[in-house]
């Protein structure tokens, strides 16, 4: 394990004893949860085939254990220890079948999946297969854009197993395209840079680069000890920050990728710029709806956003990322103005050494010991309003467990609100995991996210 994987595994092993945070936060470990809506429920044989494919990865047959006797108590140094052989029937025990009658019951299954702790003596993953109760009405009782009709398979994985890029490699191994070929994914390219510059432009670019490096380094060093975000309804929690024991999954209506691409092509922005701007506008509208006084001001609102490092071993399950602090363009403004502000912020971050300085700091804090590390992680996270992650999924329909996948939902809880965006087969879907008491009516944010995309489309095109 690298130091980051050790940190995440330590959180899973501590479980309800604080997870990645100090005991005083009363937090738990928060698994990654991917929901795959299938055309039909998988049979036992199809599940066995799925497990056989998973077991190609040693980490999915292993438990996280102390590396030496000194680490038994403080879990400072950990390793993967294989506890199941290939084809072991024990893996089938981590599949649970649940029947639901209504969308409300399905919503509760999602909520429970966010907080249920793993059996740490076994590999750190499991599955919940949700189907409709037999004999109920053939009409599903809810809006299909929120919680589509089952069957749905919830795959729960400890973050220690791997980051988003690594887990996409797992998905590629266990699924296929409709024609039986390889799963197709987005190919990301950085925005093209100017190839020719005047002497003055080159000098100015160098001066700007030095400033960006200095600012990024200071930001990475001081964020955990810096100011807190503005107290808003969206941030929800108030000092002393801690986990309330409640989390609700809010699945928002899908947005057409073609609409986002059309905005991207005309505006010169990236998909991520557009998503950040639309989310900021949606939160702004949410504040106005709930009567938050910050709706008429410019609140300081940031997300702790995972930054994936490009250097990694292809096909290996690992964690190669860190958090960067992303400031959202809040306040009353047009959708296009917000988009330009988001683009400026994201462009600045792409040139900043902040993620690399933060990675170095993480190693230093990890060397100081688990207790120091938990305190620093808590200080960093509690200063932000949310964790925001954007996960690119397959670009075309895939087959999983012998069935066509109709839709994919990705969600994860955290000490603060978590907002996850996942794309799949021409659609992009926003999922929020919030404290329902501190951030009520969060569904409105999803509705307004779609509205912001529509506003951008009308203003830009």
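The values are calculated or read from the model by the stated rules, or taken from the named source; none is laboratory data. Just so it is clear, the model here is predicted, and its values are computed rather than measured. Quick reminder, even Gly has a Cβ in these numbers, built from the backbone with ideal geometry, and neighbours come from all protein chains shown.
Some points to look at:
- Only one of 199, 212, 183, 174 that is at negative phi, at pLDDT below 80 and touching a helix residue (DSSP H, G or I) at 6+ places or on another chain (Cβ under 6 Å): 212
- Residue satisfying all of: in the stretch 440-450; in contact with a helix residue (DSSP H, G or I) (Cβ under 9 Å, 6 or more places away or on another chain) and not in a helix (DSSP H, G or I); nearest to residue 229 (Cα to Cα) among these: 442
- Residue in the stretch 328-336 that is crowded, with 21+ Cβ neighbours inside 10 Å, within 27 Å of residue 430 (Cβ to Cβ) and within 19 Å of the chain's Cα centre (by Cα) present: yes
- Against the numbered list (1) over 19 Å from residue 161 (Cα atoms); (2) surrounded by 14 or more Cβ atoms within 10 Å (Cβ to Cβ), residue 73 comes up short only at (2).
- The criterion of at least 3 residues that are at pLDDT 90 or above, in contact with a helix residue (DSSP H, G or I) (Cβ under 7 Å, 6 or more places away or on another chain) and not assigned by TED's automatic domain parsing to the domain that holds residue 18 is met, among helices (runs of 4 or more DSSP H) falling completely within the stretch 293-388, by 335-351, 370-382.
- When the helices (runs of 4 or more DSSP H) confined to the stretch 1-112 are screened for residues that are modelled with pLDDT of 90 or more, those reaching at least 2 such residues are found at 3-14, 44-54.
- Only one of the numbered conditions (1) touching a residue at least 60 places away in the same chain (Cβ under 8 Å); (2) surrounded by 23 or more Cβ atoms within 10 Å (Cβ to Cβ) is not met by residue 292, and that is (2).
- Qualifying residue in the stretch 84-100 (condition: buried (at least 17 other Cβ atoms within 10 Å of the Cβ), closer than 18 Å to residue 367 by Cβ and in contact with a helix residue (DSSP H, G or I) (Cβ under 8 Å, 6 or more places away or on another chain)): no
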